[in-house]
1. I'd like the full set of residues that are small (Gly, Ala, Ser) and in contact with a Pro (Cβ under 7 Å, 6 or more places away or on another chain), limited to segment A:222-245.
2. When segment A:384-408 is examined, which residues are found to be more than 32 Å from the chain's Cα centre (by Cα) and either of a type in the set (Phe, Trp, Tyr) or exposed (fewer than 12 other Cβ atoms within 10 Å of the Cβ) (or both)?
3. Can you list the helices (runs of 4 or more DSSP H) lying wholly within segment A:26-103 that have 1 or more residues being within 14 Å of chain B (Cβ to nearest Cβ)?
4. Just to be sure before I move on: is A:Thr305 within 28 Å of A:Val143 (Cα to Cα), of a type in the set (Ser, Thr, Tyr) and assigned to a loop (DSSP other than H, G, I, E, B) in the structure I sent?
5. Just one of A:Ser425, A:Ser391 is of a type in the set (S, T, N, Q), farther than 14 Å from A:Ile353 by Cβ and outside any helix (DSSP H, G or I); which is it?
6. Evaluate segment B:119-139: report whether one residue or more is surrounded by 11 or more Cβ atoms within 10 Å (Cβ to Cβ), among the aromatic types (Phe, Trp, Tyr), within 19 Å of the chain's Cα centre (by Cα) and within 14 Å of chain A (Cβ to nearest Cβ).
7. How many residues does segment A:177-201 hold that are part of a loop (DSSP other than H, G, I, E, B) and in contact (Cβ under 8 Å) with a residue 60 or more places away in the chain?
Amino acid sequence: MAEKKRPVIDEENSSSSGDRNLLDNKRFASFMKSKWYPGVFQWPVAIVFAFIVYELLFGSTSAHDNFGTAATWVLWWPLLPIIFFLLGRFWCAICPFGLLNDVVQKFVGNNRPVPKFLRKYGIWIIDAMFIAITWSDHIWGVVESPRGSGTLLLLMTIAVIFSGAVFERRTWCRYLCFLGGVSGNYTRAGMMELRATPEKCAKCNVAACYKGNDKVEGCPMFEFPRTMDTNAECNFCGNCVKSCPNNSIKISRRLPTKELWFIRKPKLEESFLAVVIMGIVFVQNITMINIWQPILNWLEKATGTDSYYVTFTITFIIAMLIPIVMLAATGLIAKKFNGDSVKQNFSKFGYAIIPLDMAAHIAHNLFHLLAEGKSILFTFMALFGHEMHGSTAILDTATIQALQYVLIALGTIGSIYTAYRLAKSNYGGKNSKSLGTSIVYGVLILILGIINIILFMLPMAMRM
Amino acid sequence: MKNKLIKKLSIISALVLTLSTSVLADGTGKKINQTIDGVKATLMLTEDKAKTGENELTLKLYDNKDKPISNADVKVSVEMDKSDMGSMNMGDSKAESIQFKKGHEEGEYVGTVKFSDKGKWKVKTNFTANNGEKMADFNIEVISAGPNWFVVGGFLIVAILIIVTAGIAKKKNKKSVQA
């Protein structure tokens, strides 16, 4: 009798991790399932957030004296991409805006379905908001102004209250939060994943993970774990872990960037955001280095106006366009090898830039965290009338720069390898299509990495 | 009934009094005079002290015959007193030169400057009159601006409006479902 053929599961072509399920640890599982999670993190964070907003709105108008500015832009903002890398979108589970959304929804929520246009164009709206906020920060000095930062947070609070009062679940977090797109992209390159067990889900006809049950709400991020092939939208809130009657959910560690190797349905808007972030990192670096003033002077002469609106907007558009044009041009060259259109190549290989994006983002903010880190302590102590003076640096500039170079090198390697794996998963193993595409995108990423290294070599201005 | 009326009237009176005092308050701010080569330059602030953030400044120029100088090219820059700069603040203490425009009166020039920090600042004016280019520096004290009540109040009103409207809509929906 012929032996029955066992189905071959090609683990090489699966984004899912084969690593140990952390929920096998009884303590961890019972913590995730307890009624205290994630509230035990949410409420303290919400209290700290409320105090920060109070400080930004009512405290000192000088950024370097304001604890709110230090806590927001020197501590929280630099830590955020690191959290996304290590713990996925866990921040979104404990984010005070998410909690506010839930509270408003509980008392006055109308739970209307998400409008179609939001579902269709949500990521484009997020992309546009991210670009607009970065632009307005430079024009109106949101980061340097405690009142500006406070106003931005109040505007977001209004939007969250509106979203919680009108729409179902966490519509704001999934479709509108300007950080949602960035966090989704970074999480794809991150080290944590949540997945369901297909064999267990096949027998399930309850779908409590999505719908919820009488004790726990369904997934706030509109995810259905059974069909999840990305962690971009999962915030590890634990609702599916609590509600699943079959213990199907697995939380495990994975190799960084692994999810990016097998993007089944690449989306132009997600790739676009990845490239735009590279442009934003360029803008952030250029405007903080010493050559910025000569560039501005030259632009003023060239345009015949000394309006910062005009000169910065030109710089901003150019910095955004550089990586976009570079990726599109690379797509044109890659077309000769893989036969895909420029748009298809742009959508597929924009994801390869994400590891370098994240590395550059962390490297840029590492400067603020390590060169201005003590300002958090200084401004905090000042709240109690204790004035502290001296350098705000935790590490010297040379050490910080060395760390930045290491990060950019790691990001570049991660991105090149991701481009290689993406080419392999799209065009098969050893063939000219795959190899040619890998080399073309490898060169692009190398150039982007070198540009970043050059920018980090130049002395940078501080935030506080 | 009477008590309620008295309460209402008291509130209205308090509001009227508060608003009227602010309307009738003396609008003239601080004036600092300087004389350079016979030219009298007066820097006027809108209030007694400048506040962090944007401030409108007026510069009045008179010649040695006390006639207003019209058609002067006035440029102003602000710089924080170095002794007042904190060890952490490395940027933004120096602003670019701002071109002042002619004001309503003759010899009057108006522009907006930004003080990024509280402390002692130097307002550096540079003007070209008929008899050449002149410079005058004015020392001023900048205090910290208070909260922006327009933003805070606006936020509270909008938030309350959304919550109340949503609450009413929710009740209506519940009733219609029950019916």
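1. Restricting attention to segment A:222-245, the residues satisfying the condition of being small (Gly, Ala, Ser) are A:232, A:238, A:243.
If the condition is that a residue be small (Gly, Ala, Ser) and in contact with a Pro (Cβ under 7 Å, 6 or more places away or on another chain), then A:Gly238 is the only one that fits.
2. Keep residues of segment A:384-408 that are more than 32 Å from the chain's Cα centre (by Cα), which gives A:384-390.
Hits for segment A:384-408 are A:Phe384, A:Gly385, A:His386, A:Glu387, A:His389, A:Gly390.
3. Details: elements: A:26-33, A:39-58, A:77-87, A:90-94.
Where helices (runs of 4 or more DSSP H) fall fully within segment A:26-103 and carry at least 1 residues being within 14 Å of chain B (Cβ to nearest Cβ), they are A:39-58.
4. On the way: within 28 Å of A:Val143 (Cα to Cα): yes; of a type in the set (Ser, Thr, Tyr): yes; assigned to a loop (DSSP other than H, G, I, E, B): yes.
Yes: the conditions hold for A:Thr305.
5. Values: A:Ser425 fails: outside any helix (DSSP H, G or I).
On inspection, the qualifying residue turns out to be A:Ser391.
6. Yes, segment B:119-139 contains at least one residue that is surrounded by 11 or more Cβ atoms within 10 Å (Cβ to Cβ), among the aromatic types (Phe, Trp, Tyr), within 19 Å of the chain's Cα centre (by Cα) and within 14 Å of chain A (Cβ to nearest Cβ).
7. Keep residues of segment A:177-201 that are part of a loop (DSSP other than H, G, I, E, B), which gives A:177, A:189-191, A:197.
Of the ones still in play, those that are also in contact (Cβ under 8 Å) with a residue 60 or more places away in the chain are A:177, A:189-191.
Going through segment A:177-201 one residue at a time, the tally reaches 4.
Residue-by-condition table, conditions (1) modelled with pLDDT under 90; (2) away from chain A (no Cβ under 14 Å):
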| position | (1), (2) |
| --- | --- |
| B:Gly53 | yes, no |
| B:Leu59 | no, yes |
| B:Asp63 | yes, yes |
| B:Asp84 | yes, no |
| B:Met90 | yes, no |
| B:Ser93 | yes, no |
| B:Ser97 | yes, no |
| B:Thr112 | yes, no |
| B:Asp117 | yes, no |
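The values are calculated or read from the model by the stated rules, or taken from the named source; none is laboratory data. Bear in mind that the values here come from a model prediction, so they are computed numbers and not experimental data. Using ideal geometry, Cβ is built from the backbone for each residue, glycine included, and neighbour counts are taken over all protein chains shown.
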